[in-house]
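Notes for the one structure printed next.
The values are calculated or read from the model by the stated rules, or taken from the named source; none is laboratory data. This structure is a prediction, so every number in the text was calculated from the model and none was measured. As a convention, Cβ positions derive from the backbone with ideal geometry for all residues, glycine included, and neighbour counts pool all protein chains shown. Surface areas here come from the heavy atoms of the whole protein model, side chains and all, with no ligands, DNA or RNA. Shrake-Rupley method; radii C 1.70, N 1.55, O 1.52, S 1.80 Å.
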Amino acid sequence: MLTTLVAFLVALGLLVAVHEWGHYRVAVACGVKVLRFSVGFGKTLYRWKPRRQRPGQDTEFVIAAFPLGGYVKMLDEREGPVAPEERHLAFNTQPLRSRALIVAAGPAANLLLAVLLYAGVNWWGVQEPRPVLASPVAGSLAQQAGLRGGETVTTAGFEGQEQAPVRSFEEVRWMLTRGALDAMDLRLTVTDGRQQREVLLPLSRIESPDADAQLFRRIGLLGPLTQPVLGEVVEGGAAQRAGLRKDDRVLRVGGVDVVDGQQLREWIRAQVRNGQAVASPWRVEREGRVIEIEVRPDVAQDGSGAIGRIGAYVGAPPQMVEVRYGPIDGLWRGAVKTWEVSLLTVRMLGRMVIGEASLKNLSGPLTIADYAGKSASMGLLQYVVFLAMISVSLGVLNLLPLPVLDGGHLMYYLWEAVTGRSVPDAWLERLQRGGVAVLLVMMTIALFNDVTRLFG
C-alpha cells in the first residue's frame, strides 16, 4: 500500500509539474508575467520565490495539499486589476499566436517528456521476452492462420506497409493491439528453426470494444513461449491438494502431450463441465522421476464464464533478451512510440464517443494508482514506461476540445483566428458549464470503472 501511494504521488507530482512548467516557460518567453506556479490545489504546504528571475517576473512557486492537478496563474485583466505600466505583461493583451503557444505548451511538455522517457528506456536497455510464440488458443485467429506455437517472429508489419525486424514479444503484443483496435491486418514472418514462412493475421475481422485480455484471447496469442513447469503453489489450492509441487514439469494431461505452458493453462481452463470441475490424470516429471497424479481443478469465474484453476503459477519464466538502442535510434523510437500511443488514445476516445468502444476503457485515479504501485514494484524501468504512458494520456486528454481543458482554449483561439473576434462572454460561460458537466461525467464513469476493476 505504501509503495502504491508513494509511486502514485511521485507520478502525479512529476507529470503535473512538467505540464505546468510547459505553460510557465513559454509564458515567460512570450513576456507574460506569471504570478504563481502551483503543483496541486488547496492548502499551501510549501512556497518559495527564487531570488533570480527574469525582469518583470515575481513568480511564487507553491506545492499544495491536493495533488490532482496544478495551475499557472498569469497576470490577466479578466481576473483582476492590472496596473497601466504592466498591461503589456498581461496574458489577455498578448497576440493570438503567443496565447495559443502558451496554452499548447502544457500538453506539448507532457508529450515531450514521454518521448524522453521512452528514449531513456531504449538507451538503458530492458529485458523482454524473446519473440517466440506460445501455442495459440484453440479456434482463435492465430490458430486459423496456421500458427502452432514455438515459432520465432523475425519481422512484422501491417498489410501494405514495410516489414520491420522484431526483437521482443512486447513488440509483437503492441502491434497486435494496434492492429486489432485500428482494424489493420498484421503480417508476420516466422521461423521454427527449419523453415521460414509468412503468416497473415486478419485482425480487421475482430470487433473489439475493449482493449482487455479477451481481445488477445480472440487473437489467440496470449504470451511468449514458456516451458510447462509449475511455479509457486498456493496453499490449499487444487494443485497442493493433488500433491503437485513447485518445479514439477508436466509431460502429459488427460492423454494429451504437453508442449508449453500456454497449452497447459488453456487445458486447465477447459476442465469444467456444466459448472463442475473434471478430474484428469497428469504425468509429471519430478527430480528425474516420472509420476502419475490425479488433479481436479477448482472452479472460478472470468469474463467468459466458469473456468478451471489449480492454484499454482503455470509456466516457467520465458527466455529473455536485452533490447537496447543507440542514441539516435533510441530517441527516434521514443518519438514514434509516443506518436503511436497518442494516436491510439485519440482513436479509442473517438470510438467511445460514437459507441464503437466500451466506456469500460476509461480509467481513473484508483486504477492509475494501482498500476503505479505494480510497475514500481517490478523495477525502475517498468515504472518509467508507466510514467511515459500516463504522460501521453495527460497530454492527449488536455488537447481534447473541452472548454475547461487546454484544447478548449485552443478551440476558442481557432474561432478567433477564423472570425477575427473572440468568443462572446455569454457563450464562454455556457461552454465552461457544459465542459465541466462533461468532465464530471467522464470522471464519474472512470471512478466507477476503477471500483469495478479493483473491488468488483
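Restricting the first member to region 374-391 and to residues that are open to solvent by less than 40 Å² (accessible area, probe 1.4 Å), and the second to residues that are polar (S, T, N, Q), the beta-carbon pairs closer than 8 Å and six or more apart or on different chains are Ser375/Gln382; Ala376/Thr3; Ala376/Thr4; Ala376/Gln382; Tyr383/Ser375; Phe386/Ser375; Ala388/Thr338; Ser391/Asn110.
Residues are listed down the side, and each one gets a yes or a no for (1) closer than 18 Å to Ser135 by Cβ; (2) open to solvent by less than 30 Å² (accessible area, probe 1.4 Å):
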{"residue": "Ala238", "(1), (2)": "no, yes"}
{"residue": "Arg245", "(1), (2)": "no, no"}
{"residue": "Val250", "(1), (2)": "yes, yes"}
{"residue": "Gly255", "(1), (2)": "yes, no"}
{"residue": "Ile268", "(1), (2)": "yes, yes"}
{"residue": "Gly275", "(1), (2)": "no, no"}
{"residue": "Ala279", "(1), (2)": "no, no"}
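When the criteria are applied in full, Arg333 fails the requirement of being open to solvent by 40 Å² or more (accessible area, probe 1.4 Å), of a type outside the set (Ser, Thr, Tyr), modelled with pLDDT under 90 and over 30 Å from Gly231 (Cα atoms). In region 225-236, the residues that are over 9 Å from Pro317 (Cα atoms) and at pLDDT 95 or above form no Cβ pair under 9 Å with any partner that is of a type in the set (Val, Ile, Thr) and open to solvent by 40 Å² or more (accessible area, probe 1.4 Å), whether six or more places apart or across chains. Summed over region 125-140, the residues that are of a type in the set (Ser, Thr, Tyr) and either touching a Pro at 6+ places or on another chain (Cβ under 8 Å) or open to solvent by less than 10 Å² (accessible area, probe 1.4 Å) (or both) give a count of 1.
Here region 278-302 is the region considered, the condition is being small (Gly, Ala, Ser) and assigned to a strand (DSSP E or B), and the residue that is nearest to the chain's Cα centre (by Cα) is Ala300.
Of the helices (runs of 4 or more DSSP H) lying entirely inside region 206-277, those containing at least 3 residues that are more than 30 Å from Asn449 (Cα to Cα) span 238-242, 261-269.
Determine whether region 387-395 contains at least one residue that is farther than 21 Å from Leu68 by Cα and either among the aromatic types (Phe, Trp, Tyr) or out of contact with any Ser or Thr (no Cβ under 6 Å at 6 or more places or on another chain) (or both).
First, pick out the residues of region 387-395 that are farther than 21 Å from Leu68 by Cα: none.
No.
The residues of region 303-319 that are open to solvent by less than 90 Å² (accessible area, probe 1.4 Å) and touching a residue at least 12 places away in the same chain (Cβ under 8 Å), listed by number, are Gly303, Ser304, Ala306, Ile307, Gly308, Ile310, Gly311, Ala312, Val314, Gly315, Ala316, Pro318.
Taken as a whole, region 300-312 holds at least one residue that is hydrophobic (A, V, I, L, M, F, W, C) and in contact with an Asp or Glu (Cβ under 9 Å, 6 or more places away or on another chain). Here is the figure for region 33-46: residues that are crowded, with 18+ Cβ neighbours inside 10 Å and closer than 23 Å to Gly395 by Cα total 5. Apart from one condition, Val153 fits all of (1) open to solvent by 10 Å² or more (accessible area, probe 1.4 Å); (2) farther than 30 Å from Val353 by Cα; (3) not polar (S, T, N, Q); the exception is (1).
Here's the yes/no breakdown for (1) under 26 Å from the mean Cα position of the chain (by Cα); (2) free of Cβ contacts under 8 Å to residues at least 24 places away in the same chain; (3) surrounded by 22 or more Cβ atoms within 10 Å (Cβ to Cβ):
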{"residue": "Gln143", "(1), (2), (3)": "no, no, no"}
{"residue": "Gly157", "(1), (2), (3)": "yes, no, no"}
{"residue": "Pro165", "(1), (2), (3)": "yes, yes, no"}
{"residue": "Leu188", "(1), (2), (3)": "yes, no, yes"}
{"residue": "Asp192", "(1), (2), (3)": "no, no, no"}
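Can you confirm whether Gly120 is assigned to a loop (DSSP other than H, G, I, E, B) and modelled with pLDDT of 90 or more? So that I can check it myself, show each step before the final result.
Numbers: assigned to a loop (DSSP other than H, G, I, E, B): no; modelled with pLDDT of 90 or more: yes.
For Gly120, the condition - assigned to a loop (DSSP other than H, G, I, E, B) and modelled with pLDDT of 90 or more - is not met.
Scan region 303-323 for residues that are in a strand (DSSP E or B) and more than 23 Å from the chain's Cα centre (by Cα) and the total you get is 8.
How about region 21-56: which of its residues are in contact (Cβ under 8 Å) with a residue 60 or more places away in the chain and either under 19 Å from Leu89 (Cβ atoms) or outside any helix (DSSP H, G or I) (or both)?
His23, Arg25, Val26, Ala27, Cys30, Gly31, Val32, listed by residue number.
For the structure I just gave you, tell me whether Glu170 is farther than 26 Å from Gly305 by Cα and open to solvent by 60 Å² or more (accessible area, probe 1.4 Å). So Glu170 passes the test. Applying the criterion of being polar (S, T, N, Q) and open to solvent by less than 40 Å² (accessible area, probe 1.4 Å) to the residues of region 47-65, the residue that is nearest to Glu20 (Cα to Cα) is Thr59.
Against the list (1) of a type outside the set (D, E, K, R); (2) part of a helix (DSSP H, G or I); (3) more than 30 Å from Arg167 (Cα to Cα), the condition Gly80 fails is (2).
How many residues does region 66-88 hold that are touching a residue at least 12 places away in the same chain (Cβ under 8 Å) and open to solvent by 30 Å² or more (accessible area, probe 1.4 Å)? Spell out the reasoning first.
So the first thing to find is which residues in region 66-88 are touching a residue at least 12 places away in the same chain (Cβ under 8 Å), and the list is 66-78, 86, 88.
After this cut, where a residue has to be open to solvent by 30 Å² or more (accessible area, probe 1.4 Å) as well, the list is 66-68, 71, 73-74, 77-78, 86, 88.
Final tally of qualifying residues: 10.
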